[in-house]
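Please read the structure below before turning to the comments.
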Amino acid sequence: MRFIEEVVVDEFLPTVRSMLAEDLRERGFTQLEVADALGISQSAVSKYAHGEVARHERVVADDRVRDLVDRVGEGLAAGDLTPVGALVEIEVLIRRLEEGDLLADLHEEAMPALSDADVEFSVHDPDSGLRERERVLGSVRRGLRTLTNASGFAGLIPNVGANVVECLDDAATVDDVAAVPGRLVDVKGQAMVPGEPEFGVSEHVASVLLAAREAGSTARGAVNLRYGPETVETLADSYPTVEFDPERPTREAVREAVAAADLSAESDDGPLVCYQTGAVGIEPIIYVLAPTASEAAAIVRKIV
């Protein structure tokens, strides 16, 4: 008797770990960095590097496995993907390959009697909440890197600080929005990031994004900027632009302004610019909304 989990442990995982170790080494990782990224020992990395761990040829040859290794390796190298995110991506593929696919075939080879049995394996949803949260955090990290690497971005940071946010598909509250804790600030011409993105740490920019979504926008990402008439004019040349009242509660004001604007159905699916021109004790701000945080950051980078 052999369980499919044994096929995963004995054949699939050693092969994928070996492929990932090789990929990361080719990207310039040291053995120690590979070990830390994959959660294995340096001696295990050494064995992978010297071909001392057997690879299953069918697993190596599978295009989906190769794509996974390339995607995860790139994400780990760029810092867009955490070890937890990498684990989730691998788990997702494992569950899919167990469903009448490669791993199911390997299991049947190990247990021929299964091919004659009317058996279906039921596994957890591959599009799980954990995977979506890791995807959102990765997008915020990419957006941050886009902006912090852009010369001149610090000059667009408002006095209250900037943030890069992205929400889950079914977001309802600020706890469903990932952002930078404490906001980005301008320190001697450089945009400083105070910490790793996490959920539930942006009240203001998250509220603008959620309000726009409540009014019909499908945007999930946003970046806020220092207000300037010329900046609004530049953005308005390419994207729908909406002004809201800064003296009313933000979520209410943005929701009503976006709902009242004459936006086409096509623009609802793309970028949107919201802004307010300030009031007593309220700094004027521009908000660039887009399908993802990384796309919102890319729009901002174009105007720096």
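Read-outs: derived from the displayed coordinates by stated rules, not from any lab. All figures in this text were calculated on a predicted structure; none of them were measured in a lab. A quick note on method: Cβ atoms are made from the backbone with ideal geometry, for glycine too, and the neighbour counts reach across all protein chains shown.
Going by the alpha-carbon gyration tensor, a ≥ b ≥ c the square roots of its eigenvalues, is the stretch 136-303 rounded (a/c under 1.5) or, if a/c is not under 1.5, prolate (a/b greater than b/c) versus oblate?
Rounded is the answer for the stretch 136-303, as its axis ratio a/c remains below 1.5.
Using only helices, what value at 222 nm comes out for the chain when you add -39,500 (n - 2.57) per DSSP H run of length 4 or more and divide by the total residues, to the nearest 500 deg cm²/dmol?
Using -39500 (n - 2.57) per qualifying helix, the result is -14000 deg cm²/dmol.
Once you list every other residue whose beta carbon is under 11 Å from the beta carbon of Arg145, what net charge do they have if Lys and Arg are +1 and Asp and Glu are -1?
Residues near Arg145 contribute +2 overall.
Please state the relative contact order of the chain as a whole percent: Cα pairs under 8 Å, 6+ residues apart?
Over the chain, the number comes to 15 percent.
How many nm separate the modelled label positions at Arg27 and Val84, each set 7 Å beyond the Cα in the direction of the Cβ?
With each label placed 7 Å out from Cα toward Cβ, I get 1.9 nm.
Within the chain, what's the longest stretch lacking chymotrypsin sites (Phe, Trp or Tyr not before Pro) that sit in DSSP loops with no more than 13 other Cβ atoms inside 10 Å?
122-304
Near Pro246, within a Cβ-to-Cβ distance under 14 Å, what is the net charge of the other residues, with Lys and Arg +1 and Asp and Glu -1?
-4
Dividing the alpha-carbon radius of gyration of the stretch 4-126 by 2.2 N^0.38 Å (N being the number of residues), what value is obtained?
Ratio of Cα Rg to 2.2 N^0.38 Å: 1.11.
Compute, for the chain, the length of the dipole vector about the Cα centre, with Cβ point charges of +1 (Lys, Arg) and -1 (Asp, Glu) only. Units Debye, rounded to 20.
Dipole of the chain, to the nearest 20 debye: 1480 debye.
Report the Cα centroid-to-centroid distance between the stretch 28-78 and the stretch 201-279 in angstrom, as an integer.
43
Output the antiparallel fraction of DSSP beta bridges having both residues in the stretch 136-303, as a percent to the nearest 5.
90
Please list, by residue number, every one of the trypsin sites (Lys or Arg not before Pro) in the stretch 124-200 that is coil in DSSP and has at most 14 other beta-carbon atoms within 10 Å.
Here the sparse-neighbourhood loop sites are Lys188.
Would you tally the net charge around Ser41, using a Cβ to Cβ cut-off of less than 12 Å, leaving Ser41 out, and scoring K and R as +1, D and E as -1?
+1
Would you compute, for the Cα atoms of the stretch 145-194, the largest minus smallest coordinate along each principal axis and list the three values in descending order, in whole Å?
37, 20, 16
May I ask for the Rg/Rh ratio of the chain, computed from Cα atoms with Rh as the Kirkwood radius, given to two decimals?
Result: Rg/Rh = 1.09.
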